[in-house]
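Here's the structure, in structure tokens; my notes come after.
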Amino acid sequence: ALAETVAGIRPGMTEGEVAWRLERAMRERGAEAVGFELIVSAGANSALPHHVPAGDRIRAGDVLLFDIGASYKGYLSDITRVFAVGKAPDELARIYDVVLEANQAGLAAFAPGVSGPTVDQAARAVIERAGYGEQYTHGLSHGVGIEIHEEPASSGSGAVAAYEPGMVCTAEPGVYLDGVGGIRIEDMLVITETGCEVLSRFPKDRLLVIG
């Protein structure tokens, strides 16, 4: 559904229009509902982690962030991907690579017996070394299931003392520059006996370009 929606995006469309197209495509493929209010944020709005899509128009040169999920048989999904509409600002293109490295470092740290703060720090250290620690404003992970935000969490009062096989959660580092834009890459994963299995399949190995 995301691939189909992205293929039809053109500058001048509104965030709200794109969100509706995506919801329709998800439902046509079997989703019972959206998992939460879909986030589609363009340009400077992508620096707002919980932006609500509305009438803001997508422009050439914007980054376009999707934080989306579906409901199926009572369970929810959660994934975030970022695209460039044409050529993205150079700094955001560099930040994409930093966030991708942080995402991969976090995923590599998940395993049975590992604590939430440990996986959080594995990703956070990458962003801090790149000089963007103050622009990473949330934890790495939360549980996903019947609710979109469940235990276990990787930081704060709900931080898990030790992951266990079968737990389903996210890995979603991000960097947000006020007035410029933000990059977040989010995958779902399940803890296995030896590490974790990534459930998200949409490509992320580079900043994909629309148009």
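A residue that is more than 25 Å from Glu91 (Cβ to Cβ) and of a type in the set (Gly, Ala, Ser) cannot be found anywhere in segment 170-187. Within segment 127-137, one or more residues are at pLDDT 95 or above and closer than 11 Å to Ile183 by Cα.
Within segment 176-211, the residues that satisfy the criterion of being of a type in the set (Ser, Thr, Tyr) and either within 30 Å of Pro11 (Cα to Cα) or in contact with a Gly (Cβ under 7 Å, 6 or more places away or on another chain) (or both) are Tyr176, Ser200.
Within segment 145-166, the set of residues being farther than 17 Å from Ala123 by Cβ, touching a strand residue (DSSP E or B) at 6+ places or on another chain (Cβ under 8 Å) and open to solvent by less than 50 Å² (accessible area, probe 1.4 Å) comprises Gly145, Ile148.
State which residue is nearest to Ile95 (Cα to Cα) when the search covers only segment 5-55 and only residues that are touching a Lys or Arg at 6+ places or on another chain (Cβ under 7 Å) and assigned to a helix (DSSP H, G or I). Per the stated criteria, the residue is Gly43. Filtering segment 19-49 down to residues that are among the β-branched types (Val, Ile, Thr) and closer than 22 Å to Gly179 by Cβ, which residue is surrounded by the most Cβ atoms within 10 Å (Cβ to Cβ)? Step by step, filter segment 19-49, then rank; the result is Val40. What are the residues in segment 75-122 that are touching a helix residue (DSSP H, G or I) at 6+ places or on another chain (Cβ under 7 Å) and acidic (Asp, Glu), if any? Correct list: Glu101 only.
The values are calculated or read from the model by the stated rules, or taken from the named source; none is laboratory data. The structure displayed is predicted, hence computed values, not measured ones. Counting neighbours? That spans all protein chains shown, and the Cβs are built from the backbone with ideal geometry, glycine included. Side chains included, ligands, DNA and RNA excluded: accessible areas come from the protein's heavy atoms. Shrake-Rupley method; radii C 1.70, N 1.55, O 1.52, S 1.80 Å.
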